[in-house]
Every structure is written in structure tokens, then in C-alpha cells.
1. Regarding Arg102, is this residue of a type outside the set (A, V, I, L, M) and either surrounded by fewer than 17 Cβ atoms within 10 Å (Cβ to Cβ) or under 28 Å from Thr180 (Cβ atoms) (or both)?
2. Testing Gly96 on (1) outside any helix (DSSP H, G or I); (2) open to solvent by 60 Å² or more (accessible area, probe 1.4 Å), one condition comes back false. Which one is that?
3. Residues that are open to solvent by 60 Å² or more (accessible area, probe 1.4 Å), without any contact (Cβ under 8 Å) to a residue 60 or more places away in the chain and farther than 18 Å from Leu80 by Cβ: does segment 137-154 have at least one?
4. Kindly check whether there is at least one residue in segment 73-82 that is open to solvent by 10 Å² or more (accessible area, probe 1.4 Å), under 19 Å from Thr164 (Cβ atoms) and not hydrophobic (A, V, I, L, M, F, W, C).
5. Please find, among Pro129, Pro90, the residue that is modelled with pLDDT of 95 or more and either more than 20 Å from Leu187 (Cβ to Cβ) or assigned to a loop (DSSP other than H, G, I, E, B) (or both).
6. Please enumerate the residues belonging to segment 35-69 that are in a loop (DSSP other than H, G, I, E, B) and either open to solvent by less than 20 Å² (accessible area, probe 1.4 Å) or within 20 Å of Ala86 (Cα to Cα) (or both).
7. Can you spot a residue in segment 20-27 that is assigned to a loop (DSSP other than H, G, I, E, B), touching a residue at least 40 places away in the same chain (Cβ under 8 Å), open to solvent by less than 70 Å² (accessible area, probe 1.4 Å) and within 21 Å of Ala138 (Cα to Cα)?
8. Looking at the structure I just gave you, is Asp72 of a type outside the set (A, V, I, L, M), in a loop (DSSP other than H, G, I, E, B) and free of Cβ contacts under 8 Å to residues at least 12 places away in the same chain?
Amino acid sequence: MVAPHVIPLTPAADPPQLAAEKAALRQQALARRATLDGQGAAEALAGIVLAHCPPPPGAIVAGFWPMGEEIDIRPLLARLAARGHAIALPVTPPRGAPLLFRRWRQGEALQPGRFGTSTPPEEAPLLRPDWLLVPLLAFDRRGARLGYGGGYYDRTLAALPGATTIGVAYAAQEVPAVPTGPNDRMLSGIATETAYLPSERF
């Protein structure tokens, strides 16, 4: 398997007004998430995904190693691996390129990556996922997500046409509307500790 191809041109930056709206919502979302009690959420999220939106047999699953107050998807990754799915974790490249994904197995050591991430070592094989768990700061019922501002997942999803993309978050991270522009990629759905919300665009 190979990694997503690199998009040679970086999409144009958001217009100033849209960038300001996203920045304001990002600060609000970070503050809100910091107040949430995550007790029991990891196992509840795993149950929701496996019951309502599991990957098909044989799918290569991309997850991520949670940072800070992000909802913990590690129990879900363990259960997906037990079902026979190959698990990949993202590696953050220099700005302007999509993420790479390297194979990871339960118990294998990780190494520090960019921006505080934890990634498989360089010798781990590259994989091309077709089913992704996507972190976020805020989401809406359209399947729009607010990320951290680097644009990595938008570029990555553009490089993986046809992939299923499941945003994972606490239910309290939902907002009425995430400001979006032409560079923003919608998700297939959102899984929280309480429900699975398929994107309203489907």
C-alpha cells in the first residue's frame, strides 16, 4: 500500500473574514472542550462506532493518538485491531502537504512527532487508509468540522477520494454551524459518546 499522493499546490488561504470567524470559534471550542468530563467517553464512543458505523471487513483504518482533551479513541482502535483491521496513525509532514499514515500495532512504541503528536517510527510501512477517524474541535450536522488551523486533514481528505471519514468528538462539541470555505472537506458523519450523526449531505 502507498501513502496519499502529495498535492503539488497549496490551496489558497481562507479570506480574512472567514479566517477570523474560524479563529474565534476555535478559541471558544478549545475553552469549551477543556471543561468536559471525559469519564467513560472512550468506551462509549467505541460502542457507538461498532454498533452504528463500523468499517467494512478488510478496511484499512486511520486513527490518531489523542492529545490533551481530545476524546480518547484508543479503546476503539484496540477493538478494531481485534477485528482484523490494519491500523495506521498519521505522520505530520511540512506545511502544505497531506498527512502520511504508517502502520501501527497494539503495544508498539511511538515516537514524538510535529506539534506534540505521537507517531509510528519511520521504518513502519506506509499505508493508504480507506476509513478514517478524524479529530476536531467543533462540528455541525452538515458534517463540517473545525480543526486546529493547519489544513492537514482537508488536504489529506482531498487526496483520498471515496474514503469514509468519521469525525470523533464529545457530543458537547457540536455547534449550530461551522464556518466553511471552498477548501474545507465535509465528513461522512460524526461519532460521539452518545450517538452517530450521519452527515446531512447524504
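1. no
2. (2)
3. Looking for residues that are open to solvent by 60 Å² or more (accessible area, probe 1.4 Å), without any contact (Cβ under 8 Å) to a residue 60 or more places away in the chain and farther than 18 Å from Leu80 by Cβ, one finds at least one in segment 137-154, hence yes.
4. At the first step, the residues of segment 73-82 found to be open to solvent by 10 Å² or more (accessible area, probe 1.4 Å) are 74-75, 78-79, 81-82.
With the extra rule that they be under 19 Å from Thr164 (Cβ atoms), the set shrinks to 79, 81.
Now drop any that are not not hydrophobic (A, V, I, L, M, F, W, C), which leaves 79.
Yes, that holds for at least one residue.
5. Working: Pro90 fails: either more than 20 Å from Leu187 (Cβ to Cβ) or assigned to a loop (DSSP other than H, G, I, E, B) (or both).
Testing whether each residue is modelled with pLDDT of 95 or more and either more than 20 Å from Leu187 (Cβ to Cβ) or assigned to a loop (DSSP other than H, G, I, E, B) (or both) leaves just Pro129.
6. Correct list: Cys53, Pro54, Pro55, Pro56, Pro57, Gly58, Ala59, Ile60, Gly63, Phe64, Trp65, Pro66.
7. Within segment 20-27, none of the residues are assigned to a loop (DSSP other than H, G, I, E, B), touching a residue at least 40 places away in the same chain (Cβ under 8 Å), open to solvent by less than 70 Å² (accessible area, probe 1.4 Å) and within 21 Å of Ala138 (Cα to Cα).
8. Details: of a type outside the set (A, V, I, L, M): yes; in a loop (DSSP other than H, G, I, E, B): yes; free of Cβ contacts under 8 Å to residues at least 12 places away in the same chain: no.
No: the conditions fail for Asp72.
The values are calculated or read from the model by the stated rules, or taken from the named source; none is laboratory data. Only a predicted model underlies this, so the values are computations on that prediction, with no experimental measurement involved. Here Cβ is always computed from backbone atoms with ideal geometry, including for glycine, and neighbour counts include all displayed protein chains. Only protein heavy atoms, including side chains, enter the accessible area calculation; ligands, DNA and RNA are left aside. Shrake-Rupley method; radii C 1.70, N 1.55, O 1.52, S 1.80 Å.
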